[in-house]
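Read the structure below first, then the notes.
The values are calculated or read from the model by the stated rules, or taken from the named source; none is laboratory data. It should be emphasised that the depicted structure is a prediction, and the values quoted were computed from it without experimental measurement. For neighbour counting, all protein chains shown are included, and Cβ atoms are generated from backbone atoms with ideal geometry for every residue, glycine included. For accessibility, only protein heavy atoms count, side chains too; no ligands or nucleic acids. Shrake-Rupley method; radii C 1.70, N 1.55, O 1.52, S 1.80 Å.
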Amino acid sequence: MKTDALQQPAGELRPDVAPGSARRTRRRLWGTLTLISLPILLGMAFFYAPEDANQGAAQRIFYIHVPSAWIGFLAFAVVFVASIAFLATGRRKWDDVASSSAEVGVIFTTAVLITGPLWGRPVWGVYWTWDPRLTSFLMLWLIYLSYLVLRGYVPEPIRRAKFSAVLGIVGFLDVPIVYLSARWWRSEHPTQFVVESGDLPMQMLVTLLVGVATFTFFYLYLLAVRVHAGRLRARVEEAEVSR
Amino acid sequence: MSWLSPALTIAGKDLRLEMKTRDVIASVGLFVLLVVVTASFAFPTGGDGREGVAAGVLWMSFLFAALLGMGRSMAIEKEDACLDGLLVSPAPREAVFLGKLFTNLGFTFAVELVILPVFVILLQLRPTGGALLLLLATFLGTLGLVTVGTLFAAMAVNTRGREAILPLLVMPVSIPIMVAAVKVSEAGFAGTWGSGTTSWLLLMLGYDALFLLVALVTFQYVTEE
């Protein structure tokens, strides 16, 4: 029975063949790096980075908000690349990567949409404004929520992988158009509230870079854990089928 | 072109079916009319800035019309395994996609052409000089909606949710083309070429071209078993 399950015809989902111990080491590495760098980032954000003259303490959420936005974008780019790789190769691994990255991306985009208004209220005076960046992230969040909902509606693994890969490609190609439309849509109200990164003091820039590194480790860790969980689930499903 | 002739055959089949049953045109047409009338009560139409409100109402109703029509047109193919028949036929997948796209575009655009004058009268608009702009916005906007919609409808009918999840897939991705279509229609209703109208038209053209290409390439993956 076991050999039958492994010898699937071409075009079926093929199991991943990378050694398990190397993947475990990688998971532990990203997890450890996150555990080390997260307290450092918090310390730097509160004690090392100077207080902003205009925005006060509220500005410090910037060190969580901007890295979250960066990870949200990175995660959806990974969904795009992994979706193309899945359609090209038919390997289950790429579907695992795409779906896991979409889940993690939605989490970080949610963080962007929560931390943005928290900062916006004291600084702009409103929780929400239809700023192009905020608007784009809201639309991104909706696109990838629909990606996750679609996956829930397709029980067959191969079909689910193909359908979501197509949505992963269409959704990401939509991003630049979304951003353009969000910019032009409110072009009559110029919203130049956001600090341009060019005139950031050195300490702020260093803290921001530590934040980006920390969140990248965190993303890689969560992605590895989710891919691992997907692999375990697939093994359980396979065992149930062959029983 | 080798795609065009089978695509037209498929669209012709849908047209003949529609002539006999009048299912889609009747249900979608009445539905849009109902949305327009309901929206006329729900929104402050006829006052200052009415062009903006009218353009929004117009495109919400067009969006619903397109979603309803596309879901129906793909559901028909699922009955008696018609879609399987199309897929085993010698017609290339691209032609099957184009055929369904022509059907969806034709039906939706036909309904919109009928509803537009009714809409202009009901909402007391005077789009003198903006008629061409309105037609252009309607065509380009509808093309974008049905391109993405035809691709996603082929996926949606093969899920547990059937056509019910089609709006969930189409709406987030189609926000940019909706925004653009609303902006151009607003200029059309006002009868003047707005400052950003050219940019919005280019955005619609780009959206349509990009997703037409992507849909042609990826349609084979959403239909193979």
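Name the residues of region B:77-107 whose amide N is less than 11 Å from a point 7 angstrom out from the Cα of residue B:5 along the C-beta direction?
From region B:77-107, the list is empty.
Most fluctuating residue of B:165, B:121, B:25 in a GNM of chain B with Cα springs under 10 Å: which is it?
Result: B:121 has the largest fluctuation of those listed.
Heavy-atom accessible surface, probe 1.4 Å, ligands and DNA/RNA ignored: which residues of region B:199-225 lose at least 50 Å² versus the isolated chain?
Residues losing area: B:200, B:203, B:211, B:221.
Quick one: which bits of region B:161-175 get at least 20 Å² less accessible when the partner protein chains are in, versus the chain alone, with a 1.4 Å probe?
B:165, B:168, B:169, B:172, B:173, B:175
If you count, for each residue, the other Cβ atoms within 10 Å and average over each peptide, how do A:48-54, A:115-121 line up from highest to lowest? List each step's numbers first, then the result.
Details: A:48-54: 12.6, A:115-121: 17.0.
Top of the packing list down: A:115-121, A:48-54.
As an exercise, use a Förster radius of 25 Å and the Cβ-Cβ distance of residue A:35 and residue A:205 to find the FRET efficiency, rounded to the nearest 0.05. Show your work: numbers first, answer last.
Values: r = 24 Å, r/R0 = 0.97.
Calculated transfer efficiency: 0.55.
Give me Rg over Rh for region B:37-119, both radii from the alpha carbons and Rh done the Kirkwood way, two decimal places. Don't skip to the end; give the middle numbers.
Details: Rg = 17.5 Å, Rh = 15.0 Å.
Using only Cα positions, Rg/Rh for region B:37-119 is 1.17.
Distance between the C-alpha centers of region A:34-65 and region B:65-96? Whole Å please.
About 55 Å separates the Cα centre of region A:34-65 from the one of region B:65-96.
Need one number: buried accessible surface between chains B and A, 1.4 Å probe, both sides summed, DNA, RNA and ligands left out, in Å² to 100.
Details: alone 10870 and 13880 Å², together 22100 Å².
Answer for the B-A pair: about 2700 Å² buried.
Any idea what angle helix B:4-21 forms with the longest principal axis of chain B, computed on alpha-carbon atoms, 0 to 90 degrees, nearest 10?
70 degrees
In degrees between 0 and 90, to the nearest 10, how far off the longest principal axis of chain A does helix A:157-185 point, with axes built from Cα atoms?
20 degrees
When averaged across all projection directions, what area in nm² does the alpha-carbon convex hull of region B:81-205 cover? Working shown, then result.
Values: hull surface 35.6 nm².
Averaged projected hull area, Cα only: 8.9 nm².
Restricting the calculation to Cα positions, tell me the Rg (one decimal) and the Dmax (whole number) of the protein assembly as shown in Å.
24.9, 76
What's the extension gain from residue B:81 to residue B:124 if we count 0.36 nm per residue and subtract their Cα-Cα distance?
Values: separation 43, 0.36 × 43 = 15.48 nm, distance 4.67 nm.
That pair, residue B:81 and residue B:124, stretches by 10.8 nm at full extension.
What nm value, rounded to one decimal, do you get for the distance between residue A:149 and residue B:195 when each label is placed 7 Å out toward the C-beta?
The modelled label-to-label distance comes out at 3.7 nm.
Could you work out how much longer the chain between residue A:54 and residue A:21 gets when fully extended? Use 0.36 nm per residue separation minus the Cα distance between them, nm to one decimal. Could the numbers behind the result be given before it?
On the way: separation 33, 0.36 × 33 = 11.88 nm, distance 5.08 nm.
Full extension from residue A:54 to residue A:21 adds 6.8 nm.
Give me the number: length gained by fully extending residue B:30 to residue B:164, i.e. 0.36 nm times residue separation minus the C-alpha to C-alpha distance, one decimal in nm. Mind showing how you got there, number by number?
Details: separation 134, 0.36 × 134 = 48.24 nm, distance 1.96 nm.
Full-extension gain reported as 46.3 nm.
Plugging the Kirkwood radius over Cα pairs into Stokes-Einstein for chain A, at a temperature of 37 °C and a viscosity of 0.692 mPa s, what D comes out in µm²/s?
Values: Rh = 19.9 Å.
Once the numbers are plugged in, D ends up at 165 µm²/s.
Which whole-number value in Å² is the accessible area per residue of region A:24-116, probe 1.4 Å? Please list the in-between numbers first.
Values: 4250 Å² over 93 residues.
Heavy-atom SASA per residue in region A:24-116 reads 46 Å².
Three principal axis extents, largest first, for the C-alpha atoms of chain B, in Å?
Per principal axis, max minus min of the Cα coordinates gives 56, 34, 30 Å.
Got a number for carbon plus sulfur as a percent of region B:1-58's accessible area, 1.4 Å probe? If you can, show how the numbers build up before the last one.
Values: 2440 of 3510 Å².
Whole-percent figure for carbon plus sulfur exposure: 69.
I want to verify the translational diffusion coefficient of region A:88-155 in µm²/s; compute it with Stokes-Einstein, Rh as the Kirkwood radius over Cα pairs, at 37 °C and 0.692 mPa s.
Numbers: Rh = 13.6 Å.
In µm²/s, the coefficient rounds to 241.
Can you compute the helix-only [θ] at 222 nm over chain A? Use -39500 (n - 2.57) per DSSP H run of at least 4 residues, normalise by all residues, nearest 500 deg cm²/dmol.
-26500 deg cm²/dmol
Starting from the 7 Å offset along Cα-to-Cβ, what nm value, one decimal, do you get for the label separation of residue A:158 and residue A:107?
Placing both labels 7 Å along Cα→Cβ, they lie 3.2 nm apart.
Across region A:134-146, in residue order, what do the Karplus-derived ³J(HN,Hα) couplings come to in whole Hz, using 6.51 cos²θ - 1.76 cosθ + 1.60 with θ = phi - 60° and x for Gly and Pro?
4, 4, 4, 5, 4, 5, 4, 4, 5, 4, 7, 5, 5
Relative to the first principal axis of the alpha-carbon coordinates of chain B, what is the inclination of helix B:93-122, with its axis defined by its Cα atoms, in degrees from 0 to 90 and to the nearest 10?
Compared with the principal axis, the helix lies near 20 degrees.
Rounded to whole Å and sorted largest first, list the principal axis extents of the Cα atoms in region A:19-70.
Taking the Cα atoms of region A:19-70, the three principal extents are 53, 21, 9 Å.
Given a 1.4 angstrom probe, I'd like the percentage of the accessible area of region A:37-107 that is carbon and sulfur, rounded to a whole number. Working shown, then result.
Working: 2170 of 2950 Å².
Its accessible area is 73 percent carbon and sulfur atoms.
Counting only helical runs of four or more DSSP H residues, what would the 222 nm mean residue ellipticity of chain B come to if each run contributes -39,500 (n - 2.57) and the total is spread over all its residues?
Numbers: 9 runs with 181 residues, N = 225.
Calculated at 222 nm, the ellipticity per residue is -27500 deg cm²/dmol.
Taking only the alpha-carbon positions of region B:120-162 and ignoring solvent, what does the Debye formula give for the base-10 log of I(q)/I(0) at q = 0.29, 0.32 Å⁻¹?
Here log10 of I(q) over I(0) equals -0.95, -1.01.
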